[in-house]
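Okay, so here's the structure we're looking at.
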Ligand code: MN
């Protein structure tokens, strides 16, 4: 189990077949203002790849863009809405098709309102992850060991959780509804980028 750090693109051929767990770290929550610093990606076989972009990056990352845009590869996220917007804005690709563990959790874990990654990993897998580095400076010249470990742990458990959540969605007859939500996510991310982040276009108001 190794965490690899790459600069400006993913090397070719480092990922196996199948779904990919994806996460991003940025300078903040306002996507057009707060640049994309890191894309984490894992094929679920034990290694995590961190792709770092510098302050003057042109986000010219053909290998990374190719796997993210590959329509044959499902991308697993926790809160895909944010990552899809960051990837769309900075890398210019739609990183779909999508499975979002946060939406799946909301559709099946109706007995709780705790849908954070830490809560989900604890309940479904019995593992503890730290969120201590979440609000750290991802734009510096060096990423600390703690930052690298945190960034990698954000994609480490998504494959295992996807399996469990897919089973629960099937059990509760919500697979189709979940899939429709996942399929809508790229549009939801584009609405965020276009200025409708705080507006629900489905609401009466
Ligand atoms: Mn993260």
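The values are calculated or read from the model by the stated rules, or taken from the named source; none is laboratory data. The shown structure was predicted, so the numbers you read here are calculated from the model rather than taken from an experiment. Note that each Cβ is placed from the backbone with ideal geometry, even for glycine, and that neighbours are counted across all protein chains shown.
Points to keep in mind about this one:
- Filtered residue count, segment 184-201, keeping only those that are free of Cβ contacts under 8 Å to residues at least 24 places away in the same chain and either under 11 Å from residue 85 (Cα atoms) or surrounded by 16 or more Cβ atoms within 10 Å (Cβ to Cβ) (or both): 4
- All of (1) without any contact (Cβ under 8 Å) to a residue 12 or more places away in the chain; (2) closer than 18 Å to residue 82 by Cβ hold for residue 133 with one exception: (1).
- In segment 30-51, the residues that are in contact (Cβ under 8 Å) with a residue 24 or more places away in the chain and either away from the ligand (no atom under 13 Å from the Cβ) or out of contact with any strand residue (DSSP E or B) (no Cβ under 8 Å at 6 or more places or on another chain) (or both): 31, 32, 35, 43, 44, 45, 46, 47, 49, 51
- Conditions (1) within 29 Å of residue 69 (Cα to Cα); (2) out of contact with any helix residue (DSSP H, G or I) (no Cβ under 8 Å at 6 or more places or on another chain): number failed by residue 119: (1)
- For first residues located in segment 12-29 and farther than 11 Å from residue 77 by Cβ and modelled with pLDDT of 95 or more, partners that are within 12 Å of the ligand (Cβ to nearest atom) and part of a loop (DSSP other than H, G, I, E, B) and lie 6+ apart or on another chain with Cβ distances below 8 Å form the pairs 25/138; 26/138; 27/138.
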